[in-house]
Structure formats: structure tokens, C-alpha cells
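**Student:** Below are the C-alpha cells for one structure; questions will follow.
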Amino acid sequence: MLGRVSFDRNFTDSMYAKKAAKKGMLSGSGRFLDGLTKAFTMQYSPNGFMDMMFLDTSEFDLQHYDFTFVREEFLGDIRTALFDVQPKAHLGQGRFVGRVWVEDEGGNIVRFTGTFSATNKRNLYFHFDSWRGNVQQDIWLPMAVYVQDQDFRAQTYFWGYALKLPTSNSSDNESIVVENAADNSDTGQDLSPLQAERHWANQTEQNVLDRLTQAGLLANPSDFDQVLETVTNNLVIGNKLELPSPIHCRVMLTSSLESIAIGNTIILSKGLIDVLPYEEDLAAVLSFQLAHIVLGHQIDTRYAFNDRLLFPDESTLQRIEMNHTPAQNEAAAHKAVELFRGSVYQDKGANVGLFFEQLNGVQQKLPALLTPRMGDSLLRPDGQPWLADLTKGAPALQVDDLQQIAALPLGSHLKIDPWSDKVVQLHVRPEPLLNARDKMPFEVTPIYYRLAKYRPPTTAPAGATNASVTPTSR
């Protein structure tokens, strides 16, 4: 699901409309949520996943709840008081039942786990673990919710608190004519038809990137973009590619495994980045979109007209066509293999092959994860990887081999800053694997934050960067 929460008068949600379903192996994934309804024999409500950012929106007080102190506990750097909470009798359904963590300085609730009460034998609510973060000075806001119930797991992430949306009377398109003005620059010159075409494509690229950012789908530029660009440059340099302009990289804030090339910008989804265990895996998926750029597979340049992008944010997935045709993907796949084998990653194709083997093993169980919302899938319509040639010579997938890591769980590399819409690379200590179950490829796992007080951003010295290449192990 992908939606927007509105706090204007009423607490409501507005879901992002999906692209029209296309026939193919994964065409049934659009019915995934309908399947949830049947599986749990209850009415499915997308808004319910957003309700879990609150305990009780109007009556969370001593008149309606009983509080029992349990102990003090640290959540990261934050010292909290822990309370068990029960609604008083005969208050009806939908009251919070569970446990809350209250930070000791401002009295803010920073975490709560439990469910909502029901008045009959059939429970209408999931059990959940809801987290809040100190996103600005003295401001704690919902960041994420983890749900686990009835053999069902889910993660909900919130971002876009400081999202700047376009205004209807923006003056960006206004221009001022200065009479008798002359170009006195020494470098002024006309553009050739090819240069004009490239400028037009660049305008398209910038318009689409801005629109995706305004719609809350694209992460704002961050240090991690430089990590992606470093790996991409390794492919460019290794193959001695002469490109008219540098390749840039961005992150899409969604979990479905997909990638896109928009002009000279490669976009990978957060979910795709999270499940890749090694740098060479990252290089492989980047090579696929780099190949599209090298082969000149551009998106529709009519988006250079900004008025074509004036539609509601919730229609973005339907109104911007960015995925390539099967023929373009086929050509890009052949070129991507060539680019990978011409780079410093040429001797590490075995790990890439293992990733796609692991992907093949779960594709029937996880159709929604493998169905792109906007860009290109990792798989052909018949279910085979576009980069299947990189699997040749790969060792057999050994599930019980603890030294063989083919894919990671979701959330393994990046977290989202809910205020700035930037992604931040996780700094985790490798955890020893005790059994094959600990690998958890492509799985949804519990959420745990090491909470900290808000610190205003500092200005780094010129030329300094915190970016580093994606770790090659967990």
C-alpha cells in the first residue's frame, strides 16, 4: 500500500492509485490485498494501518484508562518510564490496550505496543508496535509501526512531515523581459540539434524528478546517493564509457523491488537496496539502468512541458510512465551483462547469481514485492531474471550454508528520516548466524529504533562526505 494521511478536520487516508494491471506472471499481485480480506475473514481497511500511529485521539487520560508503572527503561539514548495501560470498563471498542514508553524529560510517548479493544469474540484489530522519533526540537512524531498477528507481518513507515508541495499560483513559470539586453558573455553560442535534444531531455528529467519528490515518492538527495554513484562510476570507468554528462543516482521511498532510469538519473527503490547483500549485487542492478541510458532509452520527453505534471499526487503512479518496453529491457539486459563483465566486479558474478537464485525461489510467494509500482521489474514476464546471464557459473544455492548469504531481509541497509525525506545508511554490528532461519531473505522483520534526541544538522567542511560503499556483509 502507498497512501497519504490527512489531518485536516478528520483523520483520513488517500491511497495512491495503481498503474493499470498488465498480463504476465505477476499480474495477480494486484489482487493481493483482496486476498488479505479473504484470509482473515474481516473487512480490510487501509486506514487501519495508519490508525496505529495513535493510542486514543481524544480521551487518553485518567478518566478513561488505568495506568500501572512497570519500570524505567532506556530506548537507545532515551530514558523512559514504562506503563501498562488498560481502558476502564464499559467504554466500548477501539480503546488502546497495552504498554507505553514515556520519555522522562518532556513526557512524550515514544513507543507503545498492544492492540485496540473489541466488544465481541472476533478481534477486529491487529497487535502492533508503534514508534515515534524526535524529528525536530521538542517534536516527537510517528516513524514506523510493526504488525504481527495471525501469521501476518507488516511494516508501516511514515515520512513527508516537512514535504513542500507545489502551489497552484506558483510564480516559477513567470518570466521578465528586459528590453535592449545583450549577451556579452564570451562563451555564448548556439546549440546544435543534438545539443538541443539533450537539453530537452534534461528538462524532462528535472521536471519528473521534482514531481516525484513533491509527491513524496522520491527521497531528497542524501549522502547515500554518492554511494550509488561511486558504484555506477566503477562501471563507467571500467568500460571506458564517454557520456555527455555525469550519471546521478537517487532512492525511491518504496519497498517493491524495482529500478528506473530518468534521463541521466538512476533510481533504485529502498526495498531493492535493502535486500542486496553485496556491492557487486548493487553494481548488477545499477548496470541494468546504466545500459538503458547508454542505449538511449529515454522516457517520454513530453514531460518537459511542466503542465503535463499538474495532477494530484495520488495519481502520480498512473500519470507518469517510466517503465521500459520488454524489447528495451531485453537489449538493456545484454548490455548490462557486458558492462558488469567489463568492470572491477567481473570476477564477483557468483554472488549476483545467488541473489537471483534466491529471488526465483520466493517469487511465487511474494508477487506484490516483485511487482514494480513505477519502474522496471527484476524479472521477465515469464519469471526469469533479466540478468539471467550473470547467474551462469554461480554455485548452487545452499540454504543451510551459513556462509552463503544470497539476499537480506527488508530494512537491512537504509532508514528514512521522516522529517527531511532523506535516507540514512544504517550502521549495524554484524550479528552471528546460528541457523538457516536467521538469514530471513526478503522477509518483513520487527522494527527497533535506538532513539536519540534531535540534533540540528551541522555543516560539513568543503569536500567532506560521510558516504561509504555498501557493506559486503551483514
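**Student:** Cβ neighbours within 10 Å, averaged per peptide: list 64-71, 295-302, 221-228, 424-431 in order, most packed at the top.
**Tutor:** Going by the mean number of other Cβ atoms within 10 Å, highest first, we get 221-228, 295-302, 64-71, 424-431.
**Student:** Can you list the HN-Hα couplings for region 340-347, worked out from phi with the Karplus curve (6.51, -1.76, 1.60; θ = phi - 60°), rounded to whole Hz and with x for Gly and Pro?
**Tutor:** Per-residue couplings from phi come out as 5, 6, x, 10, 5, 8, 4, 8 Hz.
**Student:** Rounded to the nearest 20 Debye, what is the dipole magnitude of region 230-340 about its Cα centre when Lys and Arg each give +1 and Asp and Glu each give -1 at the C-beta? Don't jump to the answer; show the numbers that get you there.
**Tutor:** Details: 7 positive and 13 negative charges, 52 e Å.
Roughly 240 debye for region 230-340.
**Student:** What order do you get for 205-218, 383-396 when each peptide is scored by the mean count of other beta carbon atoms within 10 Å, highest first? Working shown, then result.
**Tutor:** Details: 205-218: 20.4, 383-396: 16.6.
Averaged packing, sorted descending, gives the order 205-218, 383-396.
**Student:** In this model, which of Lys415/Lys453; Lys335/Lys365; Lys348/Lys392; Lys422/Lys453 are farther than 22 Å apart at the alpha-carbon? Walk me through the numbers on the way to the answer.
**Tutor:** On the way: Lys415/Lys453 17 Å; Lys335/Lys365 30 Å; Lys348/Lys392 12 Å; Lys422/Lys453 18 Å.
Pairs exceeding 22 Å: Lys335/Lys365.
**Student:** Another one. If you wrap region 176-323's Cα atoms in a convex hull and average its projection over all directions, what's the area in nm²?
**Tutor:** Average of the hull's projected areas for region 176-323 equals 11.4 nm².
**Student:** Give the dimensionless ratio obtained when the Cα radius of gyration of region 375-415 is divided by 2.2 N^0.38 Å.
**Tutor:** That works out to 1.48 for region 375-415.
**Student:** Provide the per residue accessible area, probe 1.4 Å, for region 308-423, rounded to a whole number of square angstrom.
**Tutor:** 44 Å²
**Student:** If you don't mind, there's one more thing I want to ask. Beyond 18 Å, what share of the Cα-Cα pairs of region 300-402 is found? Please give it as a whole percent.
**Tutor:** 60 percent
**Student:** Given a 1.4 angstrom probe, I'd like the percentage of the accessible area of region 329-369 that is carbon and sulfur, rounded to a whole number. Don't skip to the answer; put the middle values down first.
**Tutor:** Working: 880 of 1820 Å².
Carbon with sulfur: 49 percent of the solvent-accessible area.
**Student:** Would you work out which of Leu309, Gly296, Ala283 lies farthest towards the positive end of the dipole of region 260-313? Charges go on Cβ: Lys and Arg +1, Asp and Glu -1.
**Tutor:** Leu309
**Student:** Return the FRET efficiency for the residue pair Leu91, Leu241: r is the Cβ-Cβ distance, R0 is 45 Å, and the value is rounded to the nearest 0.05.
**Tutor:** Values: r = 66 Å, r/R0 = 1.48.
The formula returns an efficiency of 0.10 here.
The values are calculated or read from the model by the stated rules, or taken from the named source; none is laboratory data. The structure displayed is predicted, hence computed values, not measured ones. Please note: Cβ atoms are built from the backbone with ideal geometry, for glycine as well, and neighbour counts cover all protein chains shown. Ligands, DNA and RNA are stripped out before the accessible areas are found, and what is left, the full protein with its side chains, is counted by its heavy atoms. Shrake-Rupley method; radii C 1.70, N 1.55, O 1.52, S 1.80 Å.
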